[in-house]
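The values are calculated or read from the model by the stated rules, or taken from the named source; none is laboratory data. A quick note: this is a predicted structure, and the numbers were derived from the prediction, not measured. Cβ atoms come from the backbone with ideal geometry, glycine included; neighbour counts cover every protein chain shown.
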Amino acid sequence: MEETFINNITNLLRGRSIFLIGMMACGKSKTGPKLAQLLKYKFIDLDSLIEKVAKKSISKIFEEDGENKFRLYERQCLQEIIKFPSLVVSTGGGVIIKHENWGILRQGIVIWIDLEKKYAIERLKNEINNRPLLKGRDIEKNYSEIFQSREGLYEQADIRVKVENENIEQVAKKIISELHKSIAS
């Protein structure tokens, strides 16, 4: 992508942060750093930040403290993150289930990375141990149930980027292209 095109988008953003939402394994944590680099923004992985604050892994938080405690950490971290401009933030797949999180997300631009289900399932099979909501369950069935319960919330994003099997750079450029369409008009 041409640097002047990207600089134009960055100027139009005026420091508004970008929040990447989507189902687990859609590529938020991998695409986020590339997107941030292209926009000359800083990148924050919300789950990594939560692990640092809690001083334990997401799996351990779920196991020892439960999902409610995890969601509390998530909200508290979001409340701190929003104080800083020009960030690309990859969120956890369930950040959208708490109504109060939307008030924070809406202060930036919310982008839904909508990965085709078959590719998500492929990716999840390789990382099942890092997914507390899928552990010990039928991945495909559970994924579908979680997606169905969240789809209406994901649809509230400012921008939806459909993804199949593109690489990280292609997805980041696709997001920039959609951002341009959205904010330049």
Mind listing whichever residues of the stretch 148-159 are of a type in the set (D, E, K, R) and surrounded by 17 or more Cβ atoms within 10 Å (Cβ to Cβ)? Arg150, Asp158
State yes or no: is Ile82 surrounded by 13 or more Cβ atoms within 10 Å (Cβ to Cβ), closer than 17 Å to Gly27 by Cα and not charged (D, E, K, R)? no
Candidate set from the stretch 1-45 (those that are hydrophobic (A, V, I, L, M, F, W, C) and farther than 30 Å from Gln148 by Cα); member that is modelled with the lowest pLDDT: Met1
Per-region count, the stretch 48-73, residues part of a loop (DSSP other than H, G, I, E, B) and among the small types (Gly, Ala, Ser): 2
Those residues of the stretch 85-107 which are out of contact with any Phe, Trp or Tyr (no Cβ under 7 Å at 6 or more places or on another chain) and in a helix (DSSP H, G or I), in sequence order: Val95, Ile97, His99, Glu100, Asn101, Trp102, Gly103, Ile104
Condition test on Thr31, is it within 19 Å of Lys173 (Cα to Cα), in contact (Cβ under 8 Å) with a residue 40 or more places away in the chain and among the polar types (S, T, N, Q)? yes
Within the stretch 85-101, is even one residue more than 20 Å from Ser59 (Cβ to Cβ), surrounded by 20 or more Cβ atoms within 10 Å (Cβ to Cβ), in contact with a Pro (Cβ under 9 Å, 6 or more places away or on another chain) and not basic (Lys, Arg)? yes
So Arg16 ticks every box in (1) closer than 16 Å to Lys174 by Cα; (2) in a loop (DSSP other than H, G, I, E, B); (3) not hydrophobic (A, V, I, L, M, F, W, C) but one. Which box is left unticked? (1)
Out of everything in the stretch 110-128 that is among the β-branched types (Val, Ile, Thr) and surrounded by 21 or more Cβ atoms within 10 Å (Cβ to Cβ), what residue ends up being farthest from Lys174 (Cα to Cα)? Val110
For Ile9, the lone unmet condition from (1) of a type in the set (Val, Ile, Thr); (2) outside any helix (DSSP H, G or I); (3) in contact (Cβ under 8 Å) with a residue 60 or more places away in the chain is (2)
Quick one: would you say Ala54 is among the small types (Gly, Ala, Ser), within 20 Å of Gln170 (Cα to Cα) and in contact (Cβ under 8 Å) with a residue 12 or more places away in the chain? no
Exactly one of (1) surrounded by 14 or more Cβ atoms within 10 Å (Cβ to Cβ); (2) in a helix (DSSP H, G or I) is unmet by Phe43. Its number? (2)
Subset of the stretch 57-100 (residues that are free of Cβ contacts under 8 Å to residues at least 40 places away in the same chain, within 14 Å of Ala157 (Cα to Cα) and in contact with a Leu (Cβ under 6 Å, 6 or more places away or on another chain)): none
Looking at (1) farther than 23 Å from Val171 by Cβ; (2) modelled with pLDDT of 95 or more, find the lone condition where Ser48 falls short. (1)
Those residues of the stretch 131-176 which are outside any helix (DSSP H, G or I), farther than 16 Å from Lys118 by Cα and either modelled with pLDDT of 90 or more or of a type in the set (Asp, Glu) (or both), in sequence order: Glu155, Gln156, Ala157, Asp158, Ile159, Arg160, Val161
